[in-house]
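First the structure, in the form of structure tokens, and then the observations on it.
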Amino acid sequence: MGRHIVISTSVDLVRVATEGVVYISSDGNYSTLIQADGGSRILTVQLGQLETLIARQLETDGNVFIRIGKSLIINRNYIHYINIPKQQLVLSDARTFSHTVSASKDALRQLKELIEKE
Amino acid sequence: MKENKDIPEIRDDEIRVIGDSQSGENKSGRAWWWILAAVVLAAGIVSAVLLVREPGNAADRDEQEQEVVRGFYEQEEMVDSVQSAPAYVEVEEQTISGVPVRIFTPVGGEPSLMIGMPDFEDSTIFFITQAADIRADNMQILGDFVLRGEQIAKGRTKLGWCAIIDGNISIGYDKEPAALQEAILSGGYFFRQYGLIAGGKYVKESSRWKYSSRRRALCLKDGQDFIVETLEAETFPRFSYVLEDLNVDAAIYLVGGDSYAYGRDRDGNRIASGIFDPDVIMDNTSYILWKY
């Protein structure tokens, strides 16, 4: 069984397997979790707090996630397409879901280099 | 949940593999460390040169002292600019005709509308509160709604209206206001809600609703816009009579109950009213906001 991320606040708790997370986007003080099952969930924590939480809970296994700029944390296993000029990043399992997100050209250039070295 | 300050800030042109701090993939950040090191080194060299330099004549010393004085004032001005908010909301509590109310008066800035989750990190927003209602059948905005000149919802179920044209708020009560077309043509804003006061008089549009709830309204008086909310549950008619007693020229209802409103006062302190529940904020939740 894969590892899980547990996000607990004073009033609720979210437990999600790492492979169930496609990406997390920032909405100011809040974050939106996009799940592989098609669901989404607003989390009442900031993206930076989630990055800290993932690093602490998963330690080196957390490297499945990549922080991209101020607004995104993505699951590297779902990186499907990168287009730098269009600032486009498509996250997909090539079967059931496909999400297009936007990031800066510099960030996408670094991401492309990172994936090329895998 | 507190943020771990061990994780450094990240810019939009950077990426970082989580849980892999040794990967060195934060290349842009690493470059900045090299630049910082170079600047520190250069500063050290300059300081060393100045220390070993012979003292100059009186004119040189005066010039150096003047530079120091100029730097001191610049720094003081910078501190002032941080401490004094360029725009803010004044908060006042009163009891009008036996009803306790809170009055938010925006000072400076400009009003507009927005749809969706507000950016809570946007420090230029100094007051924000929900505007139009959402239809229960299709989750669309109820009534005419114009956002930056684009009409994205239509309907006259409610006759109260608010238009924002060239940064000026107008409030009225009729089926076909000229302000609707004007908002479209000028790239402005428009929404509908229950009319409460028009021409200084109570409008009975909402009077059929007899239940009590915390009420909130956008008001105009002598050209000044402000928001009035009740601290306790009140009926629509009683709320309208309170606004009439406040001698407002026009007033339109805003989403009341526990809907969330927040802002910043003159000292930069965050103020809030209602309950924030992200689960009730929908894609079409609309807000009227003041920002600078």
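Take the residues in region B:118-143 that are of a type outside the set (A, V, I, L, M) and either touching a Gly at 6+ places or on another chain (Cβ under 6 Å) or in a strand (DSSP E or B) (or both); name whichever of them is farthest from B:ARG264 (Cα to Cα). Before you say what the answer is, go through the steps one by one.
As a first pass, look at region B:118-143 and keep what is of a type outside the set (A, V, I, L, M): B:118-124, B:126-127, B:129-130, B:133, B:135, B:137-138, B:140, B:143.
Now drop any that are not either touching a Gly at 6+ places or on another chain (Cβ under 6 Å) or in a strand (DSSP E or B) (or both), which leaves B:119-121, B:126-127, B:129-130, B:143.
Working: B:ASP119: 14, B:PHE120: 12, B:GLU121: 12, B:PHE126: 5, B:PHE127: 7, B:THR129: 13, B:GLN130: 16, B:GLY143: 30 Å.
This residue is B:GLY143.
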Determine which member of the set A:ILE34, A:ILE24, A:ILE7 is within 14 Å of chain B (Cβ to nearest Cβ), under 27 Å from A:ARG95 (Cα atoms) and either assigned to a strand (DSSP E or B) or out of contact with any helix residue (DSSP H, G or I) (no Cβ under 7 Å at 6 or more places or on another chain) (or both). A:ILE24
Does any residue of region A:42-50 turn out to be within 21 Å of B:MET117 (Cα to Cα), within 14 Å of another protein chain (Cβ to nearest Cβ), within 11 Å of the chain's Cα centre (by Cα) and of a type in the set (A, V, I, L, M, F, W, C)? yes
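One line per residue, one yes/no per condition, for (1) modelled with pLDDT under 95; (2) of a type in the set (Val, Ile, Thr); (3) surrounded by 14 or more Cβ atoms within 10 Å (Cβ to Cβ):
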{"position": "B:GLU205", "(1), (2), (3)": "yes, no, yes"}
{"position": "B:ARG208", "(1), (2), (3)": "yes, no, no"}
{"position": "B:ARG214", "(1), (2), (3)": "yes, no, yes"}
{"position": "B:ALA217", "(1), (2), (3)": "no, no, yes"}
{"position": "B:ASP222", "(1), (2), (3)": "yes, no, no"}
{"position": "B:PHE226", "(1), (2), (3)": "no, no, yes"}
{"position": "B:SER240", "(1), (2), (3)": "yes, no, yes"}
{"position": "B:ALA250", "(1), (2), (3)": "no, no, yes"}
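Test A:VAL22 against the criterion of being under 21 Å from A:THR100 (Cα atoms) and either surrounded by 20 or more Cβ atoms within 10 Å (Cβ to Cβ) or modelled with pLDDT under 90 (or both), and give yes or no. Steps first, please.
Details: under 21 Å from A:THR100 (Cα atoms): yes; either surrounded by 20 or more Cβ atoms within 10 Å (Cβ to Cβ) or modelled with pLDDT under 90 (or both): yes.
So A:VAL22 passes the test.
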Please state which of the following conditions A:SER104 fails to meet, knowing it meets all the rest: (1) at the interface with chain B (Cβ under 7 Å from one of its Cβ atoms); (2) under 15 Å from the mean Cα position of the chain (by Cα); (3) touching a residue at least 12 places away in the same chain (Cβ under 8 Å). (2)
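Matching residues to (1) under 27 Å from B:THR230 (Cα atoms); (2) surrounded by fewer than 20 Cβ atoms within 10 Å (Cβ to Cβ); (3) at pLDDT 95 or above:
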residue: B:GLY98; (1), (2), (3): yes, yes, no
residue: B:SER123; (1), (2), (3): yes, yes, no
residue: B:PHE126; (1), (2), (3): yes, no, no
residue: B:CYS162; (1), (2), (3): yes, no, yes
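For residues that are aliphatic (A, V, I, L, M) and over 25 Å from A:GLN46 (Cβ atoms), scanning just region A:81-93, find the one that is farthest from the other protein chains (Cβ to nearest Cβ). So that I can check it myself, show each step before the final result.
The first filter runs over region A:81-93 and keeps only residues aliphatic (A, V, I, L, M), leaving A:82, A:84, A:89-91.
Still in the running and over 25 Å from A:GLN46 (Cβ atoms): A:82, A:84, A:90.
On the way: A:ILE82: 12, A:ILE84: 12, A:VAL90: 16 Å.
Going through the qualifying residues, I end up with A:VAL90.
Out of everything in region A:57-80 that is without any contact (Cβ under 8 Å) to a residue 24 or more places away in the chain and within 27 Å of B:MET117 (Cβ to Cβ), what residue ends up being farthest from the other protein chains (Cβ to nearest Cβ)?
A:HIS80
The values are calculated or read from the model by the stated rules, or taken from the named source; none is laboratory data. As the structure is a prediction and not an experimental result, all values here were calculated from the model. Positions of Cβ are backbone-derived with ideal geometry, glycine not excepted, and every protein chain shown enters the neighbour counts.
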